[in-house]
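**Q** Quick one: this structure, given as structure tokens, is what I'll be asking you about.
The values are calculated or read from the model by the stated rules, or taken from the named source; none is laboratory data. Treat the numbers as computed from the prediction; the structure is a model and nothing was measured. Neighbour counts run over all protein chains shown; Cβ positions are idealised from the backbone, glycine included. These area figures cover heavy atoms from the full protein model, side chains too; ligands, DNA and RNA do not enter into them. Shrake-Rupley method; radii C 1.70, N 1.55, O 1.52, S 1.80 Å.
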Amino acid sequence: MPIYEGATVQEAIQKGLSALSIAKDEAVIEVIEEAKKGFLGMGKKNARVSVEPSVAEEISEAVEEVVADVTAADKVTPVVELEVNEVKAAPEEDIHQVLSELDDEAALTQLALYLTNISNELNAPALVKMKREDGLIVFQLDTQKQGILIGKHGKMLNALQYLAQVFIHRVAKNKLSVVVNVGDYRQKRQAILERLAERTAEKVKRTGRPVFLEPMPAFERKQIHSVLSKDDAVQTHSEGDEPYRYLVVEPAKRYY
């Protein structure tokens, strides 16, 4: 774990970011020790932080690859029917229809087709099914090539998640939140996130220092927040911009 020092925490972080040639939103940062001014020059200590690359760069590369390989969202605009939550073919004459301000069902239908097109372009054709679970709109991608659509450490699935959310915001009249899933990856990921939340909370309480988690989709941040909201000793908030927005877990103010 690389450690960097500076007169302040921010200076130490900047040294780490410069050494790794990455931006703050591309790093996992942990404050190991705050700076101490000392007294009359005695006992002065630099701040110490660990800075490591996060998965943000991998997600960025995945997004760029998908965007480059798939027809732009504003050009893929056929009208389709969604029956029994499955995508069907679209009439050729409607392909260039401009989409915007669609009602919920029409927007979700177009997203289902968009995800179908992406999976085809990635040579992992998938049957896209839409369902509602626990207040979430879930798009389940059934494919025989799950590994391609999930990617290493889930980076391709996170890229698909990001593209899906951007697409739905572009075409839907109302603000909708969607989740993209392949196989049972999200269920397994939820269990991992719950364990991560518990371990992170224990670390924060043990060290008294904030922990910066890797960038993750909004609904995953909400899952961690939900778990930690039951722990009065810690608090959470998000920083950064999508798709690199990350969660910060820190001691609750009354525990400082």
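**Q** Report the extension gain between Leu20 and Glu34 in nm, rounded to one decimal, defined as 0.36 nm multiplied by the number of residues separating them, less their alpha carbon distance.
**A** 2.9 nm
**Q** How big is the stretch 177-256 along each principal axis, measuring the range of its Cα positions in Å and listing the largest first?
**A** 42, 25, 17
**Q** Using a 7 Å offset from Cα along Cα-Cβ at Leu176, what residues in the stretch 121-136 end up with backbone N under 11 Å from the label point?
**A** Zone members listed by number: 130-131.
**Q** Would any residue of the stretch 195-217 have its amide N under 20 Å from a label point 7 Å out along Cα→Cβ of Leu136? List them or say none.
**A** Of the residues in the stretch 195-217, 195-200, 213-217 have backbone N under 20 Å from the label point off Leu136.
**Q** I've got another one for you. Return the distance in nm (one decimal) between the two label points of a simple spin-label model at His225 and Val166, each offset 7 Å from Cα along Cα→Cβ.
**A** With each label point 7 Å from Cα toward Cβ, the separation is 2.3 nm.
**Q** Which of the listed residues, Pro210, Asn158, Gly183, is farthest toward the dipole's positive end in the stretch 149-218, when Lys, Arg count +1 and Asp, Glu count -1 at the beta-carbon?
**A** Working it through, the farthest residue towards the positive pole turns out to be Pro210.
**Q** Accessible area of His153, 1.4 Å probe, to the nearest 10 Å²?
**A** For His153, solvent-accessible area is about 130 Å².
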